[in-house]
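The values are calculated or read from the model by the stated rules, or taken from the named source; none is laboratory data. Model, not experiment: these values are computed from the prediction. We place every Cβ from the backbone using ideal geometry, glycine too, and count neighbours over all the protein chains shown.
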Amino acid sequence: MIAPTPTPPYFAVIFTSVRTEGENGYTDAAERMAALAAEQPGFLGVESARNEVGITVSYWESLDAIRNWKQNAEHLLVQEKGREVFYSSYKTRICKVERDYEFEK
């Protein structure tokens, strides 16, 4: 599903990852983080896709909202598990959305 975002500007966190072998509790952790992120002040939406490379884009009202999410205690624990268990590599990019447009049939 495409996240319904407001009129720009707003911010996007692009999390690109390569998983390790095995489930290792990843699905439950990913679902919990999506639900927890949605409860955070300033959260606007999320989109995610995974094949060999996973890409999750979350949308936020401000850089402060992103910082607060990064420092959420439960999120910090899952970030550590990500480094130890879930991912062989990942990259996070934060950007400002200046313009967006859409098409729908």
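Remarks
Yes/no per residue for (1) among the small types (G, A, S); (2) modelled with pLDDT under 95; (3) exposed (fewer than 13 other Cβ atoms within 10 Å of the Cβ):
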site: T20; (1), (2), (3): no, no, no
site: N24; (1), (2), (3): no, yes, no
site: I55; (1), (2), (3): no, no, no
site: W60; (1), (2), (3): no, no, no
site: W69; (1), (2), (3): no, no, no
site: S88; (1), (2), (3): yes, no, yes
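Yes/no per residue for (1) in contact (Cβ under 8 Å) with a residue 40 or more places away in the chain; (2) farther than 16 Å from P9 by Cβ; (3) loosely packed, with under 12 Cβ neighbours inside 10 Å; (4) touching a strand residue (DSSP E or B) at 6+ places or on another chain (Cβ under 8 Å):
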position	(1), (2), (3), (4)
D28	no, yes, yes, no
A34	no, yes, no, yes
E52	no, yes, yes, yes
D64	no, no, no, no
R93	yes, yes, yes, yes
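Here is a yes/no grid of residues against (1) within 23 Å of R19 (Cα to Cα); (2) touching a Leu at 6+ places or on another chain (Cβ under 9 Å):
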position	(1), (2)
Y59	yes, yes
R67	no, no
L76	yes, no
Q79	yes, no
S88	yes, no
D100	no, no
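- Scanning region 36-49 for residues that are surrounded by 13 or more Cβ atoms within 10 Å (Cβ to Cβ) and either within 22 Å of E98 (Cα to Cα) or not aliphatic (A, V, I, L, M) (or both) turns up Q40, G42, F43, L44, G45, V46, E47, S48.
- Flag if A12 is surrounded by fewer than 12 Cβ atoms within 10 Å (Cβ to Cβ), small (G, A, S) and within 23 Å of Y101 (Cα to Cα): no
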